[in-house]
Amino acid sequence: MAKYGALSSRDRKGTGMDRRTLLAGVGLAGLALGSSALLTSCTEDATPTPTDSANTDAPTSDDANVIASAAANEVALIGRYEQVLAAGSALTPAVANLLTEILQQHRLHLQALSVDDFAPASQTAGVTPTLADLTAAERAAADERTLSCESAADPNLARTLALIAASEASHAQALTTAGSR
């Protein structure tokens, strides 16, 4: 993502930034502020409960359901990105790099959820998602993760889900920007 902070060859009046870079920076700053508010809203009412050492790694059944739902969504997103990249003949190198980076981030989301093994999502034959489809899927995933962080009993899980929601919202913005070029 270093590209978003890079200086443009169209710098104006010695400011070091063009309008697009400035707006992207402002948008990312807003996303950072919004994600901190999201973290606060997801964990504000969460009070840690005492647990014995034998049960610290085992999620509650409700949390296990939240994790399973989030993991299934991440697997579906991974499948969509893999499908677009496999069909990639119409992708510019910049868009292909962006999609590859986002794909890797979704794999990291699975690791953050402590999901090591997963079955690949089934792909619809003959139908390759577009950038608009990926953007819509990212927005829906961000909304779902926001709701799921509110359902999480474990404050650490709530934080993880909130961070994933923020990441997916940033993916949607990056895809929107890539699609408008």
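The values are calculated or read from the model by the stated rules, or taken from the named source; none is laboratory data. Remember, predicted model here, so these are calculated numbers, not experimental data. Note that we place each Cβ from the backbone using ideal geometry, even for glycine, and neighbour counts take in every protein chain shown.
Of everything in region 138-153, what is surrounded by fewer than 21 Cβ atoms within 10 Å (Cβ to Cβ) and of a type outside the set (A, V, I, L, M, F, W, C)? Give them in sequence order.
Arg139, Asp143, Glu144, Thr146, Glu150, Ser151, listed by residue number.
Which members of region 123-147 meet the condition of being modelled with pLDDT under 95 and small (Gly, Ala, Ser)?
Ala125, Gly126, Ala132, listed by residue number.
In region 162-180, what residues are hydroxyl-bearing (Ser, Thr, Tyr), in contact (Cβ under 8 Å) with a residue 12 or more places away in the chain and over 17 Å from Glu74 (Cβ atoms)?
Scanning region 162-180 gives Thr176, Thr177.
Using the structure shown, decide if Asp62 is surrounded by fewer than 16 Cβ atoms within 10 Å (Cβ to Cβ), modelled with pLDDT under 95 and touching a Ser or Thr at 6+ places or on another chain (Cβ under 8 Å).
For Asp62, the condition - surrounded by fewer than 16 Cβ atoms within 10 Å (Cβ to Cβ), modelled with pLDDT under 95 and touching a Ser or Thr at 6+ places or on another chain (Cβ under 8 Å) - is met.
Based on what the data block shows, is Ile102 over 20 Å from Ser151 (Cβ atoms) and not hydroxyl-bearing (Ser, Thr, Tyr)?
yes
Between residues in region 83-106 that are within 14 Å of Ser167 (Cβ to Cβ) and free of Cβ contacts under 8 Å to residues at least 60 places away in the same chain and residues that are of a type outside the set (Val, Ile, Thr) and part of a helix (DSSP H, G or I), which pairs lie under 8 Å by C-beta distance while being six or more apart or on different chains?
Leu103/Tyr81; Leu103/Glu82; Leu103/Leu85; His106/Glu74; His106/Leu77; His106/Tyr81
What number of residues within region 68-78 satisfy the criterion of being more than 10 Å from Phe118 (Cβ to Cβ) and surrounded by fewer than 19 Cβ atoms within 10 Å (Cβ to Cβ)?
Looking only at region 68-78, we keep the residues that are more than 10 Å from Phe118 (Cβ to Cβ), and these are 68-70, 73, 76-77.
From the residues that got through so far, the ones that are surrounded by fewer than 19 Cβ atoms within 10 Å (Cβ to Cβ) too are 68-69, 76.
Residues meeting the conditions: 3.
All but one of (1) under 15 Å from Glu82 (Cβ atoms); (2) free of Cβ contacts under 8 Å to residues at least 40 places away in the same chain; (3) within 13 Å of the chain's Cα centre (by Cα) hold for Ala142, so report the exception by its number.
Going through (1) under 15 Å from Glu82 (Cβ atoms); (2) free of Cβ contacts under 8 Å to residues at least 40 places away in the same chain; (3) within 13 Å of the chain's Cα centre (by Cα) one by one, Ala142 breaks only (1).
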